[in-house]
Amino acid sequence: MAFNDLLLKALHKEKTGRPPVWLMRQAGRYMPEYRAVREKVSFLELCKNPELACEVTLQPVDALGVDAAILFSDILIPVEPMGVNLSFNPAPLISNPVRTAADVNALRLLEPEKDVPFVYGAIDLLVKKLNVPLIGFSGAPFTLACYMVEGAGSKSFLEVRKMMLNSPDVFRELMEKLTDSTIAYLQKQIDRGCAAVQIFDTWAGILPQEDYEKAVFPHVERITKSLKNAPVIYFAKDGAAYFGTMKSLSCAGIGLDWKTGIKEADEKLGHKFCLQGNMDPAALFAGRQAIKHYAETAVEEGRQAAGHIFNLGHGIMPKTPVENVKYLVDTIKGMA
Ligand code: CP3
């Protein structure tokens, strides 16, 4: 079969008859095939085994016919070798959170191929098998810092906010280490065959706009300016308040959550990015009529943007009915 390069066309802002479609968290617990693999191994074992990571990456490509694969891993995989004790249950937990200047000093920079060889092993296997683009990914420095400082997810993110407010130099040093490590990690993914990379900034939206602009955005910008040879997508969940800042980002794509319409986002972002999104993942629990409505709205608004990749506004939830996900993908693919 000919290579399906629809995703890359959209990222290069070439006209496409219909938008390419892939879904954040397209591999995961909502799929029986994934649960069957997870019965035998832990989540970390799965991430660290190239053959199994390759297998679950392919599951949604085969079952749903999406236009891209996303490498199966987790945003926290590359921070473990920097010096944190990581476990999943199923949410991430770090038993030695990074709180002081000494903690930050003790962190070392990631040496990608030496520290996480299994990530690159999975990429090698996948590029041989896929006839759709492989998307690599990382967490954004701020989102990684949130987990490292809090030690887990959080509602208030008070520990990371306290570090930003009371020890800005320590916070900056942490962000610099994460930024350097992320650049090395992502560039190697591209060098080994990822056709595009996505930076997940899941917790960016908790900040005052001024703090995002001064203490977070420059690090994202450094990553997007450093990466060579593949388009970059930046997804800041709850990031609409920062569109004015994000407008100057040098990357091909911006991921949108479901709260802002694509048309409005396109205007605020200066009509220059390929926009990715943005159906509410909860809509996949509704009937076909509702799914079709939200899908059509996104595609219609996306046609006015410089480029559009259909996706959800956040990851698929674990109990999502598979047949609804299949219906959604078929609906988008029928819009040619
Ligand atoms: O299919 C894909 O999208 C690729 C794989 C992928 C995973 N995590 C697998 C995973 C990707 C791209 C991620 C990114 C990730 N991980 C993010 C950014 C995206 C987002 O969702 O905001 C974040 C914040 C994490 C951290 C993380 N990892 C959390 C909060 C959790 C628990 C989530 C939950 O739903 O319970 C994880 C675990 C995780 N990562 C699972 C999967 C499939 C569930 C693990 C299991 O099988 O038990």
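The values are calculated or read from the model by the stated rules, or taken from the named source; none is laboratory data. Keep in mind that what you see is a predicted model, and the values were worked out from it rather than measured. Cβ: placed from backbone, ideal geometry, glycine included. Neighbour counts: every protein chain shown. Areas reflect the complete protein model, heavy atoms only, side chains present, ligands, DNA and RNA absent. Shrake-Rupley method; radii C 1.70, N 1.55, O 1.52, S 1.80 Å.
Would you give the gap between the C-alpha center of the stretch 247-269 and the C-alpha center of the stretch 140-167, rounded to a whole Å?
First find each Cα centre; the distance between them is then 25 Å.
Give me the net charge for the shell around Lys326: Cβ to Cβ below 14 angstrom, other residues only, Lys and Arg +1, Asp and Glu -1.
Taking every other residue near Lys326 into account, the sum is -1.
Mind checking the full-extension length gain between Arg288 and Ser248? Use 0.36 nm per residue of separation minus the Cα-Cα distance, one decimal, nm.
Contour length minus the Cα-Cα distance gives 10.6 nm.
Suppose only helical runs count, i.e. DSSP H with n ≥ 4. What mean residue ellipticity at 222 nm does that imply for the chain under -39500 (n - 2.57) per run, divided by all residues and rounded to the nearest 500 deg cm²/dmol?
Helix contribution divided over all residues of the chain: -13000 deg cm²/dmol.
Carbon and sulfur atoms: what percent of the 1.4 Å accessible area of the chain do they account for? Each step should come with its number before you reach the end.
Working: 7090 of 13700 Å².
For the chain, the apolar C and S fraction of the accessible surface comes to 52 percent.
Quick one: angle between helix 217-226 and the longest Cα principal axis of the chain, in degrees between 0 and 90, rounded to 10, please.
The two axes meet at around 70 degrees.
Lys228 to Arg35: FRET efficiency via 1/(1 + (r/R0)^6), r the Cβ-Cβ distance, R0 51 Å, to the nearest 0.05?
0.85
Rounded to the nearest Å, what's the spacing between the alpha carbon centres of the stretch 27-67 and the stretch 282-310? Just the number, please.
Cα centres, the stretch 27-67 to the stretch 282-310: 26 Å.
What do you get for the angle between helix 50-64 and the principal long axis of the chain? Use alpha-carbon atoms, 0 to 90 degrees, nearest ten.
30 degrees
Give the whole-number value, in cubic angstrom per residue, of the convex hull volume spanned by the C-alpha atoms of the chain.
It is 120 Å³ per residue.
Given R₀ = 45 Å, what would the calculated FRET efficiency be for Asp330 paired with Ser156, taking r from the Cβ atoms and rounding to 0.05?
Efficiency, from the Cβ-Cβ distance: 0.65.
Please give the length that would be gained between Lys259 and Asn89 if that part of the chain were fully extended, namely 0.36 nm times their separation in residues minus their C-alpha to C-alpha distance (nm, one decimal).
58.3 nm
If you wrap the stretch 189-336's Cα atoms in a convex hull and average its projection over all directions, what's the area in nm²?
Values: hull surface 37.3 nm².
One quarter of the hull surface, i.e. the mean projection, equals 9.3 nm².
Over the chain, with a Gaussian network built from C-alpha contacts below 10 Å, which listed residue (Phe235, Phe157, Phe171) shows the highest mean-square fluctuation?
Comparing Phe235, Phe157, Phe171 in a Gaussian network model of the chain, the most mobile one is Phe157.
Considering only protein heavy atoms, what per residue accessible area in square angstrom results for the stretch 19-255 with a 1.4 angstrom probe?
In whole numbers, the stretch 19-255 has 37 Å² accessible per residue.
Placing +1 at every Lys and Arg Cβ and -1 at every Asp and Glu Cβ, with all other atoms neutral, what dipole size does the stretch 19-255 have around its Cα centre, in debye to the nearest 20?
In debye, rounded to 20, the stretch 19-255 gives about 160.
Relative contact order, percent, of the chain when contacts are C-alpha pairs under 8 Å separated by at least 6 residues?
On the way: 633 pairs, mean separation 70.4, N = 336.
Taking the mean separation of contacting Cα pairs over the length of the chain, I get 21 percent.
Share of antiparallel DSSP beta bridges in the chain, in percent to the nearest 5?
If I count the DSSP bridges inside the chain, around 15 percent turn out antiparallel.
At a Förster distance of 30 Å, what's the computed FRET efficiency of Glu323 paired with Lys15, Cβ-Cβ distance as r, to 0.05?
Values: r = 32 Å, r/R0 = 1.05.
So, using R0 = 30 Å, E works out to roughly 0.40.
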